[in-house]
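The values are calculated or read from the model by the stated rules, or taken from the named source; none is laboratory data. Keep in mind that this is a model prediction, so the values were computed, not measured. Using ideal geometry, Cβ is built from the backbone for each residue, glycine included, and neighbour counts are taken over all protein chains shown. Ligands, DNA and RNA are stripped out before the accessible areas are found, and what is left, the full protein with its side chains, is counted by its heavy atoms. Shrake-Rupley method; radii C 1.70, N 1.55, O 1.52, S 1.80 Å.
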Amino acid sequence: MANPIASLAHLARAGFVLAQHGVRFFPPGTPVPLLVRLGSWVTWPVRVIGRAFAPASARGTAPIAAAFTRLGPSYIKAGQFLAARPDLIGQDLAGDLASLQDRLPPFPDARAHRVIREEFGHPVDTLYAELGPPVAAASIAQVHKGRVGGRLDGDPAAGRPARDVAVKILRPGVERRFKRDLSSFSLAARTLEAIYPPSRRLKPTLVVDTIAESTELEMDLRMEAAAISEMASNTADDENFRLPDIDWQRTSKRVLTIEWIDGVPVSDLEALRARGFDLTALGTEIIRTFLRHAMRDGFFHADMHQGNILIDNNGKVVLIDFGIMGRLTGREQRFLAEILFGFITQNYRRAAEVHFWAGYVPEHHSIDVFAQALRAIGEPIMDRPAEDISMGHLLGQLFVYTELFDMETRPELIMLQKTMVVVEGVARTLDPKLNIWTTAEPIVRDWIERELGPAGLLKEARKGAGDVGKFVGELPGILVRAEQTAERFANMARDGIRLDDATVRQLAREQVGRERWLHAGVWAGALALIVLAVGQVL
C-alpha cells in the first residue's frame, strides 16, 4: 500500500523543481485555487534564482520540459504522454512538452550484466559472444550492441555464423521508481479533483491510470518483442519495409535481443545522399508506410521520430524501438479512410456522415450543420501550396472543432493524429515540397477498393450471412452499395484535388480505367455471389 507521507514528500520535491524552473500550469486569466496562489508567492524567489543558475543544457528548453527531465524517468514518460494529449492539457503546454527528450546517462556495464544474469540464470559470456558498451540510453532502458554465435545450450542458432544483435536492458530499479512516482501522481490527481472542481473535466485520475497501464506494458520487453512479431506478420509482403528479427531465446521481461540492422538515420541527409538514395522517394515511402500500418493493419508504431527510422543498405525503411504502439479497430480504420477520402474529394457530407456512423458525434446534432463545420476546416487549405498542408494538423483541427458537437475524446485517434504530425515532419525533412494528399491517395484508394468495393462487400456479406437465404437476399443491397463506391471514385476524378492540377489530370486519366474495372467488378462479384449461393444449395 502506498505511503501517503512518502508520496507527499516526493510531490513536494517535484513542486520545488517545477517552481525552480518557473513552470505555471494555469494560463493567464484562469481561476487559480488559493493554495496554488500561496505556493506561487512563496516560491517566487526560488523561480528567480533557479532561472539565473539554470544549467546550460536547460537553457532554450521549455521550462516544463527541463523540469521533467531533471525529475527523472517517470516524469519524462508522463510528459511524453501528456504531449500527445493536447485535448487534456491545451495546445501550448502540449507544445512545450513536445520538446522533452527521452535521453539519460547510461548505467554501468556491470549493472547491465547483472540484469542479464538474473533474467537468464547464465553469465553474459555464455549468452553473447560479445556485449559492447551502451550505444543509447533512455528513461526506461538502454541499448548495447552485441554479437551472438549460438553458444547457449539448445540455441537453435548453434552452428550458424556469428551475427550482430541489439540488446535492450531495463534500468535497474526502474519498476520500483515508477511505482513510487505513479503513487505520487495518483495522490496529486485525487487532491486536484477534490480542491479544484474545474479540473475534473480533464479527468486527471484517469490520465494517471492510463500512464500507469502504458508504462507497465512498456517495462515488459516481451510485449515489445510481440509487437515487432505482430507487425512483421502484417508487413511480410511489403517490398520497401523491413523489421529486425527477434532472438526469442535471449529475450525476457527485462532483456530484449533483436537483429542489429546497419542503417542510416533519416536525419542524416548527407549520408543518405552519399549512398545515392532518392530523398523524395524515401519521404513518400515513410508516409505511405505509416498509413498502411494504421489504415490497412490497424496497428502502427506510435513513436516514429527521426531516431527510430533507419534506411538500410537496400533503401528499405526500418523501424526500431517498439515501446509505444497504437491500435485502431475496424471502425476507426474506416473512420480514418473515409475522413481522408472526404477531404481529398471535398465530399464534406460523406465525411460528416462517417462521424455519425462511427458514433463519434451524437445523433441529436445535424449532419448538414456538421458537414458545414467540416467545410470550414477543409476549404481554407485547398488553395494553399501542397507543401504547406499537414494531414496531422488537419485532424487536430477536426478534433478541436468537434468539441462543439459533443464529440468525446478518442485517445487512440489523438495518438494517431500526433504520430501523423511527427511522420509528416520526418518526411518533409527529406522532401520539403512533399504533397501529402497525392502521397496518401493510393493508400486511401486501395483501402476503399478493398473494403468497400466488390471484394470487400463480398467478404462482408459472407461474414454477415447466417444462411443462404439471407446471403442471397442481401445481394441487391450489395450491388447498390458497390455502384455507390464506383460513383464516389468517379466523383474524385471529376472534382479532383485542387491542390495540384497535374495530379488531378493524372488521377482523372487513371480513374477512367479504374471505373471500368470497378463496374465490371460489381457484376463479377454478383456472379460470384450467385455461384456460391447455388453451390451451397446443391
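Of everything listed in (1) open to solvent by less than 70 Å² (accessible area, probe 1.4 Å); (2) free of Cβ contacts under 8 Å to residues at least 12 places away in the same chain; (3) of a type in the set (Gly, Ala, Ser), the single unmet condition for Ala225 is (2). When residues in region 108-145 are screened for being within 13 Å of Lys168 (Cα to Cα) and polar (S, T, N, Q), 2 of them pass. Scanning region 262-284 for residues that are under 26 Å from Gly146 (Cβ atoms) and over 23 Å from the mean Cα position of the chain (by Cα), we see that the one that is most open to solvent (accessible area, probe 1.4 Å) is Arg275.
Among the helices (runs of 4 or more DSSP H) confined to region 249-347, the ones with at least 3 residues that are among the charged types (D, E, K, R) are located at 330-345. Taken together, the criteria place Val369 among residues that are aliphatic (A, V, I, L, M) and open to solvent by 40 Å² or more (accessible area, probe 1.4 Å). Take Leu395 and decide whether it is buried (at least 18 other Cβ atoms within 10 Å of the Cβ) and either of a type in the set (Asp, Glu) or not in a helix (DSSP H, G or I) (or both). Judged against the criteria, Leu395 is not a match.
Applying the condition of being among the polar types (S, T, N, Q) and under 15 Å from Phe241 (Cα atoms) to region 285-327 and asking which residue is most open to solvent (accessible area, probe 1.4 Å) yields Asn314.
A Cβ distance below 9 Å, combined with a sequence gap of six or more or placement on separate chains, defines the contacts here; from region 191-213, residues that are polar (S, T, N, Q) reach residues that are open to solvent by 80 Å² or more (accessible area, probe 1.4 Å) and at pLDDT 75 or above in the pairs Thr205/Arg190. For region 254-267, indicate whether the set of residues that are under 18 Å from Arg171 (Cβ atoms), modelled with pLDDT of 95 or more, of a type in the set (Lys, Arg) and touching a Lys or Arg at 6+ places or on another chain (Cβ under 8 Å) is non-empty. The answer is no; no qualifying residue exists.
Restricting attention to region 344-354, the residues that are buried (at least 21 other Cβ atoms within 10 Å of the Cβ), under 17 Å from Val444 (Cα atoms) and free of Cβ contacts under 8 Å to residues at least 60 places away in the same chain add up to 2.
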